[in-house]
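Every number in this text was worked out from the coordinates using simple rules, so none of it is lab data. Please read these numbers as outputs of a predicted model, since none were measured by experiment. Glycine gets a Cβ as well: all are built from the backbone with ideal geometry, and neighbour counts include every protein chain shown.
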Amino acid sequence: MQLFINVILLNIVLVVATFAADEQKFYENGALHFEYNYRGGQLHGLTKEFYETGELKGEHEYRTGKLVNKRKFRRNGDLEYELKYEDGQKIEYLIKYHPTGERFRQLTLVNGKREGLEIDFHRNGKKKAERNYIAGQKEGSAKGYYINGRLQGDWLFKNGEPIAATIFYSTGEKWLIHSDFDERGRLNGSSKEYKKDGTLKAIRYYKNNEMVQRRRVSRWLRWWWAIW
């Protein structure tokens, strides 16, 4: 009797699974490819796409024919891309990967322009860089990191151009300070170079981002620069 009940329940589950979607399409090998749902002849609700091996590949959510949300997945289930519409804005969340599968970058686009925090990753999963965007332009802090996790550089941007930067040794000590950026974000002027013990080592002179001279700092000149 119990076996008979189990068979009935299994058949019910199979029927429900078969007719859960209004329309289904299949690969040539018979595997499920697409599931569609409609209302009043228009796409409505969740539409699903599957890899030929059965894993979920994508989801599209519709409201009376209009796409409101879209998600794309990798075979291992990791999210690769998400699109949604909110208050008339097109918001895209992207995760990019190295060819070998490790996460490389995640970013957000609003109406096609970078917005908010963009993060890059080393292959070992540690953070490589982070940049903040407003309407497609870098704004505020931007940081880079060595593979050992230490800070590599700390930049400050305004209207998409750098206005200040501090560069560090891989062991964590301050190395360079750049402050003479022109209106186009190019180094034009002098920058300070430091020893690992924190003392001023040299003055670098730049023209259009190219270092044209490097002058080592004597003890007297180091004292003068410190006051200046």
Task: Relative contact order computed over the chain (Cα-Cα under 8 Å; 6+ residues apart), in percent - done: 6 percent
TODO: Go ahead and collect, in residue order, the members of segment 53-71 whose backbone nitrogen is under 13 Å from a label point 7 Å along the Cα-Cβ direction of A31.
DONE: 53-58
- [ ] Using a cut-off of 14 Å between beta-carbons, work out the net charge of the residues near T171 (Lys and Arg +1, Asp and Glu -1, T171 not included).
- [x] +2
Open item on the list: Filter K90/K128; K128/K201; K25/K48; K84/K113; K48/K84; K84/K158 down to the pairs with a C-alpha to C-alpha distance above 20 Å, please.
Closed with: K90/K128; K128/K201; K84/K158
Open item on the list: If neighbour count is taken as other Cβ atoms inside 10 Å, put R103, R123 in order from fewest to most.
Closed with: R123, R103
TODO: In whole Å, largest first, what are the principal axis extents of the Cα atoms in segment 149-222?
DONE: 37, 31, 16
TODO: Could you calculate the contour length gain from D197 to N148, that is, 0.36 nm times the residue separation minus the distance between their Cα atoms, to one decimal place in nm?
DONE: 15.6 nm
Task: Listed residue (I147, T171, V68) projecting farthest to the positive dipole end of the chain, Cβ model - done: T171
TODO: With the cut-off at 19 Å, report for segment 17-107 the share of all Cα pairs above it, as a whole percent.
DONE: 49 percent
- [ ] Take every Cα pair under 8 Å in segment 104-210 that's 6+ residues apart, average their separations, divide by the length, and report that relative contact order as a whole percent.
- [x] 13 percent
- [ ] Could you check how many percent of all C-alpha pairs in the chain are farther apart than 28 Å?
- [x] 56 percent
Open item on the list: Once R0 is set to 25 Å, what does the formula 1/(1 + (r/R0)^6) return for the Cβ-Cβ distance between Y93 and E23, expressed as a FRET efficiency to the nearest 0.05?
Closed with: 0.35
Task: Geometric extent, Cα atoms of segment 98-165 - Rg, Dmax (angstrom) - done: 12.7, 36
Task: Sites S179 and K126 - FRET efficiency at Förster radius 25 Å, r taken between beta-carbons, to 0.05 - done: 0.30
- [ ] Select from K127, K84, K66 the residue whose mean-square fluctuation is largest in a Gaussian network model of the chain (Cα-Cα springs shorter than 10 Å).
- [x] K66
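Rounded, prolate or oblate: which fits segment 53-173 when a ≥ b ≥ c are the square roots of the eigenvalues of the alpha-carbon gyration tensor, with rounded for a/c under 1.5 and prolate only if a/b beats b/c? Don't skip to the answer; put the middle values down first.
Numbers: a/c = 4.95, a/b = 1.50, b/c = 3.30.
It is oblate, given that a/c is not under 1.5 and a/b is not larger than b/c.
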Open item on the list: Please return the longest range in the chain lying between exposed loop sites, taking GluC sites (Glu not before Pro), DSSP loop only, at most 15 other beta-carbon atoms within 10 Å, and leaving the sites out.
Closed with: 103-172
Open item on the list: Test of understanding: in a Gaussian network model of the chain with alpha carbons linked when under 10 Å, which of G149, G88, G189 would top the mean-square fluctuation ranking?
Closed with: G88
